[in-house]
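These notes concern the structure reproduced below.
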Amino acid sequence: MGLTARVARAALAAWLLLPLVPLVLWAAADRWTAPAVLPQAWGTAGLRDAVDAGAGPASLRSTVLGLVVAVLATPLGAMAGRALATYRVPVGGAVLAALLSPLVLPPFAVALGLDVLLLRLRVPEPVGVFLLLTVAALPYTTVLMRAAYAAHDTGFEEEARTLGATARQAVFHVQLPLLAPALAGAAFLAFLVGWSDYVVTLLVGGGQLVTLPLLVASAASTVGNEAQVAVLSLSSVLPPLVLLVAVGLVGQRGRA
Amino acid sequence: MTSSGMLRLEELTRVHTAGQPPALDGFTLDVPAGSCVAVLGPSGSGKSTVLRLTAGLDAPTRGSVHLDGRDLTGVPPERRGMAMVFQRPLLFPHLSVRDNVAFADRVRGVPRRTARERAEEYLGLVALGGYGDRPARSLSGGQEQRVALARALAAEPRVLLLDEPFSALDTALRAEMHDLLTDLRVRLDPTVLLVTHDPAEADALADTVAVLDGGRLQQTGLLRELYTAPASLAVSRLLGGRTEVAGTVRDGVHSSPLGDLPLPGWVPDGPGVLVVRPEAVRVTAPGDPAADVTGTVVRVRRRGLRALVVVEVPGPGGVPVEAELGAGEELPAGRPVGLVLPVAARAVVPPATTSAPTGARPGTSRASVGGGPGRRRP
């Protein structure tokens, strides 16, 4: 690796990690007032407050929400991406535009409008959240899987067929393993959509589904409990970071 | 290879887009059990289509594939008892070398242990014993193609399909792979259908050759026969023939600007193109009484140890005749020479049909395709 590349990598890492430094400091600060460069008193009050506010169950709910969205949006995105990349989908451009529309429309407006619809259809609130967030995650999974299928060499599956694999075996033994890095990436993005959502969870969930972002927002809207906010924020950041590393490892293995 | 099958392709036709000329048109071919037949053709001639239709990866518009007398129409690729090696090795990158070779057994439900043991045997056959643990991506091009071959053989196919499997390899590796395949044929006696654009490869590997051009079968037979008696201009050109002299045949004698040249066999009267392979032409002194024609060297083309000379014989526009010189022989351009065209080396093929109804470009070599395969043999 050249020197320039090293410097660039270090700068990028700093750009991503530096904002976390005050968070980490705040999370461990029992008292930190204005002129001091570092907290005057260290402690675990922030952590205690966060746990008292329900950080544990909220993390669990966020995790479940992220996982459900990933489980729903990844196969749907894979199928849509495959269709768009392999077959001649009539007006494929329009189909793609429709799938991308959740990215373009303001989520607040969409959530408000659909909330009314879901209420009239008597869809239970958590199910409504799952459904809407899956739709919101579809653009990411579809675009990613479309690119993956476009680059995928179907020769591998043809070879598998002539070696005696059924169409189904060719998909499960050859196509999916070859696409594993892309699938992991798509699932990660879909998980993030569910994990980090605020607007849809708040509006459609009607306050029943208290996830980590909701907790962070409510804690941050009051003053004086910076340590608790910091702990909550860190617990929102760390799981995706761990997942990202895991996905990166899967991707590396796929390329090795 | 438990049993090698007898393959018969019958009137195979594949039209990709309606209104366009078919990629393959009425292709019929027999591949006897245990033999190796090469389909030889330039790129775009439809030769890969032959393999895809045979393997069941594509369905023919018309015609059928028979294995040991059984019609395979509608039989999916995995139940045809064939295995294919493509030009790209297509080793599954997520599997080790051993598991690649064990793939066919695994998808058929053979226990992992047994499949891996058998894979080792097949890796040994292609001289890659001990490579089983390596990741598929760590191999060189030649090794990859060996593994691909081992993987196909481990499927114990009744017919082995080879789609230009050695074309991407350099000359030395290709020769090595030819030796390997010849060796495997002796040991396993597989039925092989090979597709190639390289006459030398067809010569090295196949018992018989079928020449395909423009989707139509031009000629089948031993390559030696095809060299001396091509059925059409397309065959002659594909096999490296360059000398083409238009003229007329009457009573077994070809008349052209080269003069009246008796032919070795019976040829129907009418217009015909005389083709002579450059290796058969002997260059002598211009005054040599044995010379059939005289002319002037106009171009010398170096080709390794032997040079190829183009001799222009006087006639309307000048008639070029190509001759290969002996090893180390030299002739400068401008030198007058005599040429001996041995009677046995003279072949006459039907002239290219320049006004084909299908709208073939006039005056090009492909125009002969529109007129159909010639059945005229000297």
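Can you give the convex hull volume per residue for the Cα atoms of the protein assembly as shown, as a whole number of Å³? Intermediate results must be reported in sequence, preceding the final value.
On the way: hull volume 157.7 nm³, N = 634.
Measuring per residue, one finds 249 Å³ for the Cα hull of the protein assembly as shown.
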Quiz prompt | Sorted by Cβ neighbour density within 10 Å, fewest at the top, the residues A:79, B:82, B:6 | solution = A:79, B:6, B:82
Quiz item: Using all Cα-Cα distances in chain A, what percent lands in each 5 angstrom bin from 0 up to the longest?
Solution: 1, 6, 10, 12, 14, 14, 13, 11, 8, 5, 3, 2, 1, 0, 0
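Report the extension gain between residue B:33 and residue B:112 in nm, rounded to one decimal, defined as 0.36 nm multiplied by the number of residues separating them, less their alpha carbon distance. Mind dumping the intermediate values first?
Numbers: separation 79, 0.36 × 79 = 28.44 nm, distance 3.11 nm.
Residue separation times 0.36 nm, minus the Cα-Cα distance, leaves 25.3 nm.
Which percent, to the nearest 5, of DSSP beta bridges fully inside segment B:7-220 are antiparallel? Mind dumping the intermediate values first?
Values: 17 of 35 bridges.
Roughly 50 percent of the DSSP beta bridges within segment B:7-220 come out antiparallel.
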Quiz item: Exposure proxy check: A:105, A:18 ranked by fewest other beta carbons within 10 Å?
Solution: A:18, A:105
Quiz item: Which whole-Hz couplings ³J(HN,Hα) result when phi for each residue of segment A:47-55 is put into the Karplus expression 6.51 cos²θ - 1.76 cosθ + 1.60, θ = phi - 60°, listed in order with x for Gly and Pro?
Solution: 4, 4, 4, 5, 5, 5, 6, x, 4
Quiz item: Amide H to amide H under 5 Å from residue B:298: which residues, 5+ apart in sequence or cross-chain, H placed 1.01 Å off N in plane?
Solution: B:310, B:311, B:312, B:334
Quiz item: Hey, any idea what Rg/Rh is for segment B:233-351, computing Rh the Kirkwood way over Cα pairs?
Solution: 0.96
Quiz item: Which residue fluctuates the most in chain A, going by a Gaussian network model with Cα springs under 10 Å, if the choices are A:61, A:161, A:146?
Solution: A:161
Quiz item: What is the set of long-range amide H partners of residue B:88 at a cut-off below 5 Å, with H atoms built 1.01 Å from backbone N?
Solution: none
Quiz item: Arranged by the count of other C-beta atoms within 10 angstrom, fewest first, what order do A:198, A:140 take?
Solution: A:198, A:140
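Given a Förster distance of 51 Å, report the FRET efficiency between residue B:266 and residue B:172 from their Cβ-Cβ distance, rounded to the nearest 0.05.
Details: r = 45 Å, r/R0 = 0.87.
Calculated value: 0.70.
Need one word for segment A:1-84: rounded, prolate or oblate. Basis is the Cα gyration tensor (sqrt eigenvalues a ≥ b ≥ c); a/c below 1.5 gives rounded, then a/b vs b/c decides. Write out the running numbers ahead of the final one.
Details: a/c = 4.94, a/b = 1.32, b/c = 3.75.
Taking the square roots of the gyration eigenvalues as a ≥ b ≥ c, segment A:1-84 is oblate.
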Quiz item: What are the principal axis extents of the Cα atoms in segment B:7-220, in Å, biggest first?
Solution: 50, 38, 30
Practice problem: Return the FRET efficiency for the residue pair residue B:333, residue B:133: r is the Cβ-Cβ distance, R0 is 51 Å, and the value is rounded to the nearest 0.05. | Solution: 0.30
Quiz item: Say we join alpha carbon atoms closer than 10 Å with springs in a Gaussian network model of chain A; which of A:121, A:72, A:192 then has the biggest fluctuation?
Solution: A:121
Quiz item: Which GluC sites (Glu not before Pro) does segment B:321-352 hold that lie in a coil by DSSP with at most 12 other beta carbons within 10 Å?
Solution: B:329, B:330
Quiz item: Which distance in nm do the two modelled labels at residue B:225 and residue B:71 give, with both placed 7 Å along the Cα-to-Cβ direction?
Solution: 3.0
Practice problem: Amide H neighbours of residue B:259 under 5 Å, at least 5 residues apart or on other chains, H built in the peptide plane: list them. | Solution: none
Quiz item: How many nm separate the modelled label positions at residue A:4 and residue A:89, each set 7 Å beyond the Cα in the direction of the Cβ?
Solution: 3.9
Quiz prompt | Helix B:141-154 axis, angle to chain B major axis (alpha carbon atoms, nearest 10°) | solution = 60
Quiz item: Which one of A:229, A:135, A:71 has the biggest mean-square fluctuation once chain A is modelled by GNM with Cα springs under 10 Å?
Solution: A:71
Quiz item: Angle between the Cα long axis of helix A:125-151 and the longest principal axis of chain A, 0 to 90 degrees, nearest 10?
Solution: 50
Exercise. Obtain the nm distance between the two label points defined at residue B:246 and residue B:121 by a simple spin-label model: each point lies 7 Å from its Cα along the Cα-to-C-beta direction.
Key: 6.1
Practice problem: Would you mind checking the tilt of helix B:112-125 against the longest principal axis of the Cα atoms of chain B, expressed as 0 to 90 degrees and rounded to 10? | Solution: 30
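Counting alpha carbon pairs within less than 8 Å and at least 6 residues apart, what relative contact order, in whole percent, applies to chain A? Walk me through the numbers before you get to the answer.
Details: 306 pairs, mean separation 78.8, N = 256.
Relative contact order comes out at 31 percent.
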Practice problem: With a cut-off of 13 Å, note down the residues of segment B:139-173 whose backbone N falls inside the zone around a label point 7 Å from the Cα of residue B:64 toward its beta carbon. | Solution: none
Exercise. Report Rg/Rh for segment A:192-256, rounded to two decimals, where Rg is the Cα radius of gyration and Rh the Kirkwood radius.
Key: 1.14
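Quick note: the coordinates plus some simple rules give every number you see, no bench work behind them. From a predicted model like this one, the values you see are computed outputs, not experimental measurements. When we count neighbours, we look across all protein chains shown, and the Cβ atoms used for this are built from the backbone with ideal geometry, even at glycine.
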